[in-house]
Structure formats: C-alpha cells, structure tokens
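Below is one structure, written out as structure tokens, with a few remarks after it.
The values are calculated or read from the model by the stated rules, or taken from the named source; none is laboratory data. As the structure is a computational prediction, the values presented were derived from the model and not from experiment. Because the Cβ atoms are built from the backbone with ideal geometry, glycine has one as well, and the counts that use them run over all protein chains shown. Side chains are part of the model used for accessible areas, which takes the heavy atoms of the whole protein and leaves out ligands, DNA and RNA. Shrake-Rupley method; radii C 1.70, N 1.55, O 1.52, S 1.80 Å.
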Amino acid sequence: QVELVQSGGGSVQTGGSLGLSCVVSGRTFSSSTVAWFRQAPGKERRFVAGYRGAHRSTHYTDSVKGRFAISRDNAKNMVYLQMNSLKPEDTAVYFCASSRSSLIISQLTRDEAYDSWGQGTQVTDSS
C-alpha cells in the first residue's frame, strides 16, 4: 500500500516563507511523478507544482513561478515544497500526490492522474 505523510506548513505574514515535506512509502521514486496541489476555501483542488522523475523536470502553475520550488530527496523518499514571498491567495490546504507512471506535461495538473494522496496540511498567509 502506498502512503504519503505530510509535515510542515503553518501561518506567516505576507511575504514570509514556509516549507512542506512529504514522505512516500510503498513505492520507489524511479520514473515516478510527485506533485503538490492546494484547495482554498470554497474552491476546487488545483495543481501547484510537480516533479517528473523520469525527466528530472519541474513544473509550476503560473501564480507561483519564481516563488515556490519543488525538490526531491530520493534517499529519504521525500518531496519538498519551499514557499517564499507568500501572498493571501496562497492560503489553502496543501496536498502531496504521487503517480507511478511517467506523466506527460498535460497530465500533471489533473488530480485523476495521481493514485495516492497525503492527508493535507494547512498553509495560511496572515495578511
């Protein structure tokens, strides 16, 4: 059984920084895809950042480019999201997600492409 356990997050003032981590068990990272999604109050869950292991490539939604960074530590089976210059619109519950398959770019933003999800972590910008 594949399990994802998240940690980190919290609350900071606008312009501050927060980090998230996610430990993936029951699956090797080789050729896999990991991603971060977020769900704001009253909104649908949306893609934030993704890492395609088979291509060693990162991808971001436009609103976080230049501010957020996704990375992986294969030795620890962990994926990270560093969030800088936080804005009020970043406030949401953040979820890590995993897919065994090597996703093409057009599939990254679709939550149905991922078969395992973390429990969610609150991130709040105190504007």
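Under a model in which nothing but the beta-carbon of Lys, Arg (+1) and Asp, Glu (-1) is charged, the chain shows a dipole of about 280 debye around its Cα centre. Note that the range 6-11 has calculated 3J(HN,Hα) couplings of 9, 8, x, x, x, 9 Hz, one per residue in order, obtained from phi through the Karplus relation 6.51 cos²θ - 1.76 cosθ + 1.60 (θ = phi - 60°); glycine and proline are x.
Surface composition of the chain: carbon plus sulfur atoms contribute 45% of the solvent-accessible area (1.4 Å probe, protein chains only, all chains present).
Cα centroid separation, the range 6-46 to the range 53-127: 5 Å.
Only Cα sites of the range 40-104 enter the Debye sum here, all with the same form factor; the resulting log10 I(q)/I(0) across q = 0.27 1/Å is -1.41, listed in q order. For Thr91, the residues whose amide H sits under 5 Å from its own are Asp125, ignoring neighbours fewer than 5 places away on the same chain, with H placed 1.01 Å from N.
Would you mind working out the accessible area per residue for the chain, using a 1.4 Å probe, and quoting it in Å²? Can you show the working numbers first?
Values: 6530 Å² over 127 residues.
Accessible area per residue: 51 Å².
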